[in-house]
Structure formats: C-alpha cells, structure tokens
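One structure is given here, and the rest of the page talks about it.
The values are calculated or read from the model by the stated rules, or taken from the named source; none is laboratory data. Quantities reported herein were computed from a predicted structural model and do not represent experimental measurements. Every residue, glycine as well, gets a Cβ built from its backbone with ideal geometry; the counts of neighbours run over all protein chains shown. Areas reflect the complete protein model, heavy atoms only, side chains present, ligands, DNA and RNA absent. Shrake-Rupley method; radii C 1.70, N 1.55, O 1.52, S 1.80 Å.
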Amino acid sequence: MLAISRLAEIRKMIERDKSVLVSDLAATFGVTEETIRRDLKKLEREGVLARVYGGAYSTDGVENDVNVVLRENILVTEKQVIAQSCLPFIHDGDSFFLDCSTTSLQLAHLLTSYTVTVVTNSLMIAQALASCANIRLIMIGGKLHKTSMSFVGENASLMLGQYYLDKAFLSCRSLSMSTGVSDSNEAQSAIRRLALSRSNTAFLLADHTKFGATSFAHISELRDFDYLVTDATPDPEWRTYLAQNNVKLVVNS
C-alpha cells in the first residue's frame, strides 16, 4: 500500500475508533512500527490526532472514547498530583468506589498500606490491588468494555446497587458550567451516576484539560459532588461557580 493510501486509512480509523495503537497499525498494514510512528507524526502536524506513547487519539468529537492503554500515558504527572491530593480524605476502615479512569488507577497504586474496602468495575484496578491482603476488594461484574478494560451494563449496575459506600472517586471526560459533568461513553456514565448516588461523599477527579468542554453522555450536575480535585488552580470564574454550588476545591499544583 502506498504511503498516501495508508495515511488516508489511518485517518478513517481515527475518525471511527477515536484512538489507535502503533502495534495494531503496524500489523494491519504490514509495515514497521517506526513507519507508523512517522505516519502519526505527519497526521499530528496536520491536526488530525494527538500522539502519545504507544499510539494516538482524536481530540475532536463528544464521543471520544480513548483506549485505556493510551490514557495511561496521557498527563501522567497531573493524574499523580490528583491522586496524591485524595489521600488525606482516605482513612482505614473506609469503603469507597473507584471508577475505571486512569486517574483512579493512579490512586489505587497509593492504597497498598491502607485497610479499606474498594469496590470497582475496573479490571486494571482489581489487578493492582488483588495482592494486597489488607484491602477488601469487590469487583463488580458485567459486560467487559474492552476500550476501558472495565465491566458495565445491567449486571454491573445490579451488583453495584447492593452497596452503600462512604466515598466515591469518579472521573469524567468533560466538565462544563452549562452542561455539567459528562463522559464519552453512556455505559460508563451510568456506572458513575449510580456510584455517585450510593456514596455519602463524592469526589470528582478532573485535570485542567477537562474544564469547559462537553462530552456525549451526561453523568450529573457538578453540584452533586462534594469535592473537585484537580491539578491546577482554575480561573476566578470557575472558583466562584464552585463556591456557589457548594463544591469544595482541592488543588495541589
């Protein structure tokens, strides 16, 4: 296949799937991974996609459901800052929900010394905590959503609905004053919405890139959360909005 044809096909894949892996593209087109990386670099210069270690993703559209393998490598430092900021709110004996976000995964890696109950639909978080004898781990089952490596659907909701939790740590794709908290995936939004309703205290974990945008599926209004944990101090308009909606800002930039 000519390079120009390969680039056209990669464009179509990005538009359709929203994210691509270098290894998959190399196998699909029968070329080296270095060739694919050059293709992605060219498409990034044209504004088609954003590159990250292992692949690339689209930054356009409200249904931008990026593969978790790539999300692990996006804004890692910012996610680590947010995860660290959550620790003062976690105490031995707590029970809480961690969603399938890579920010929650960063938080999970910091929990190994705590004696807590963790409920999650994330296969990656379950794997991270499975060997911790002091953590009571509850994995909610259902249909495996392979893009996020998490369980969703009716069975997952039924199981989650059996529990009442002290806290929920939830992320999102977008956060807007006018449209609230939203995500690119309907099934994930449903799980997050249910976890929010079953928790006494709710934390929204959102890095600075998520402010002022809207995604496909509504999760909740911002006022439904008790805390917003982020990596950088938002502008005065946002701080005023949070105060008016009784949402406490936690930031350690």
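Each label was represented as a point 7 Å from its Cα along the Cα-to-Cβ direction; for SER23 and ASP92 these points are 4.0 nm apart. In this simple spin-label model, placing a label point 7 Å from the Cα along the Cα-to-Cβ direction at both ILE74 and THR32 gives a separation of 2.9 nm. Using 1/(1 + (r/R0)^6) with R0 = 45 angstrom and r between the beta carbons of ILE4 and TYR163, what's the FRET efficiency to the nearest 0.05? Plugging the Cβ-Cβ distance into 1/(1 + (r/R0)^6) gives 0.25.
Which FRET efficiency, nearest 0.05, do TYR241 and TYR53 yield, Cβ-Cβ r, R0 35 Å?
Working: r = 35 Å, r/R0 = 0.99.
With R0 = 35 Å, the Cβ-Cβ based efficiency is 0.50.
Placing dummy labels 7 Å off each Cα toward the beta-carbon, the span from ASN200 to LYS12 is 5.5 nm. Split the accessible area of the chain by element, probe 1.4 Å, and carbon with sulfur accounts for 49%. Rounded, prolate or oblate: which one fits the chain, using the alpha carbon gyration tensor with axes a ≥ b ≥ c (rounded when a/c is under 1.5, else prolate when a/b beats b/c, else oblate)? Since a/c reaches 1.5 and a/b is larger than b/c, the shape of the chain is classed as prolate.
Charged neighbours of THR115, selected by a Cβ distance under 12 Å, balance to -1 (K, R count +1; D, E count -1). Ordered from largest to smallest accessible area (heavy atoms of protein chains, 1.4 Å probe), the residues GLU9, GLU78, GLU46 come out as GLU46, GLU9, GLU78. Of all lysines in the structure, those lying under 27 Å Cα to Cα from LYS146, and not within fewer than 8 positions of it along the same chain, are LYS12, LYS18, LYS41, LYS79, LYS167, LYS210.
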